[in-house]
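Beneath this line is the structure, given in structure tokens, with notes to follow.
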Amino acid sequence: MALPKYYAAQQCSLARSLEIVGERWTLLIVRDAFFGVRRFGDFLAHLGMSRAVLTERLEGLLETGVLAETPGSHGYREYVLTGKGVDLWPVVRDLLAWGNEHCSENGPRRVFRHVPDSGLLAPDGSCTACGRTVAPADLVVLPGPGYDDHADDFVSEALSEAHRLLEPLRTR
């Protein structure tokens, strides 16, 4: 029996937020959108989920205004984070930091550097070099000490090198 998606009896903003991003796979789609994944096939290959589940999650993120659809190159439909979606960055960042602390034996799989000064992103979202809180568009993601990816999908290959957040990853 599937758990309900809605928390009708709850008047809590956390419950309402979970209705949008609390399902399995949803935050991974959002994370990949920050990494620059925009195409259905790239989400599918990188995340390894079923087409039906990906379709359902993308539709939900579109309906709630977290993602928007845009025409892409070569006639592909693409998905981009909206302002509402970009506002999820602290949630994604904090969950990554928590996972790095509690679930990653070899250190972070990916690290983030502040573009202007190359400072590392601290768990609280500040730059270790300048101390400022850093917006996702001012960050580069690159492999960290826990990186051990042997995947051969396009996204994994592209993210084996430094890549600016929110900039589209383009398939060849």
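In region 68-84, the residues that are touching a residue at least 60 places away in the same chain (Cβ under 8 Å) and under 12 Å from ALA33 (Cβ atoms) reach residues that are assigned to a strand (DSSP E or B) and open to solvent by 100 Å² or more (accessible area, probe 1.4 Å) with C-beta atoms within less than 9 angstrom, at least six apart or across chains, in these pairs: GLU78/PRO71. Beta carbons closer than 6 Å, at least 6 apart along the sequence or on distinct chains, pair a first residue in region 126-145 that is more than 13 Å from HIS163 (Cβ to Cβ) and open to solvent by less than 30 Å² (accessible area, probe 1.4 Å) with a second that is at pLDDT 95 or above and polar (S, T, N, Q) for SER126/THR133.
Among the residues of region 85-103, those that are more than 20 Å from ALA68 (Cβ to Cβ) and without any contact (Cβ under 8 Å) to a residue 60 or more places away in the chain comprise PRO90, ARG93, ASP94, ALA97, TRP98, GLY99, ASN100, GLU101, HIS102, CYS103. Looking only at residues in region 12-23 that are without any contact (Cβ under 8 Å) to a residue 12 or more places away in the chain and open to solvent by 40 Å² or more (accessible area, probe 1.4 Å), which one is nearest to ASP153 (Cα to Cα)? In this case the residue turns out to be GLY22. Quickly run through region 24-37 and pick out the residues that are more than 8 Å from the chain's Cα centre (by Cα) and either under 18 Å from LYS84 (Cβ atoms) or open to solvent by less than 40 Å² (accessible area, probe 1.4 Å) (or both). Passing the criteria: THR26, GLY36, VAL37.
What pairs come up if the first residue lies in region 154-169 and is farther than 20 Å from ARG93 by Cβ and open to solvent by less than 40 Å² (accessible area, probe 1.4 Å), the second is among the acidic types (Asp, Glu) and modelled with pLDDT under 90, and their beta carbons are under 7 Å apart, counting only those six or more places apart or on different chains? Note: pairs meeting the criteria are SER156/ASP149. Taking helices (runs of 4 or more DSSP H) as the structural unit, those lying wholly within region 38-111 and holding at least 3 residues that are open to solvent by 40 Å² or more (accessible area, probe 1.4 Å) and closer than 26 Å to VAL134 by Cβ correspond to 83-86, 89-102.
The values are calculated or read from the model by the stated rules, or taken from the named source; none is laboratory data. Computed from a predicted structure; not experimentally measured. Don't worry about glycine lacking a Cβ; one is built from the backbone with ideal geometry, like all the others, and counts go over all protein chains shown. Heavy atoms of the whole protein, side chains included, go into the accessibility calculation; ligands, DNA and RNA do not. Shrake-Rupley method; radii C 1.70, N 1.55, O 1.52, S 1.80 Å.
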